[in-house]
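Notes follow the structure.
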Amino acid sequence: MNDPHWDAPIALVMSLATFATAPWAVGALWRHRSVASVAGALVAWLASAGWSFDAYWWARRGFYPDVWRENLAASSMLYLAAGLLWNLDWTPERKLHLAFRDPDWPAQRPPPPFRRIALPVLLVMAATAAALLLPFWL
């Protein structure tokens with residue numbers, strides 16, 4: 001996309017960090033069981049969506065990135081969408097729901113049948129893409 005602030009290494013770091021932490025962090029923030037879990041979720045979110053980008057560009061360029069706010073806003077939208085997507089669940093009793101709303105979350109369960117969650121997944125992805133592109137359309 002010819003964006004001078006993005007390249008393959010930072011995209012890999014941020015996407016792996018998001019994959020590893022977003023499902024838990026979004027759920028922990030929703031449930032806010034304790035100050036420690038909320039603090040941990042915020043640290044995971046900021047480390048994945050912001051600090052990794054900032055540290056990478058500091059090391060690469062020798063100065064703090066000039067687009068840190070824009071990156072944090074856009075990456076936070078993607079982080080939230082990823083956390084919601086990976087928490088989509090379907091059970092015969094509750095139908096389609098967010099797994100972190102289950103009383104025993106984060107219990108391990110078999111993955112839901114894809115056909116039950118395919119449309120909601122596509123809708124969340126389309127809404128996220130539209131929200132990220134909206135500033136460019138206006």
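Taking the C-alpha atoms only, the angle from helix 8-31 to the longest principal axis of the chain is near 40 degrees. For the peptides 86-94, 102-110, 70-78, 123-131, the ranking by mean Cβ contacts within 10 Å, running from highest to lowest, is 70-78, 86-94, 123-131, 102-110.
Taking Cα atoms, how many degrees apart are the long axis of helix 35-46 and the longest axis of the chain, rounded to 10 and kept between 0 and 90? With both axes taken from Cα atoms, the answer is about 50 degrees. Highest average first, the peptides 16-22, 113-119, 43-49, 54-60 ordered by how many other beta carbon atoms sit within 10 Å of their residues are 43-49, 16-22, 54-60, 113-119. Relative to the longest principal axis of the Cα atoms of the chain, the long axis of helix 114-137 lies at roughly 30 degrees. Below 8 Å, C-alpha to C-alpha, sequence gap of six or more: please give me the relative contact order for the chain in percent. Rounded, it is 22 percent for the chain. Only helical runs count toward this figure. For the chain, summing -39,500 (n - 2.57) over DSSP H runs of n ≥ 4 and dividing by all residues gives -21500 deg cm²/dmol at 222 nm.
Read the figures in this text as sums done on the coordinates, not as results from a lab. Computed from a prediction, not measured in an experiment: that's the story for all the values here. Note that each Cβ is placed from the backbone with ideal geometry, even for glycine, and that neighbours are counted across all protein chains shown.
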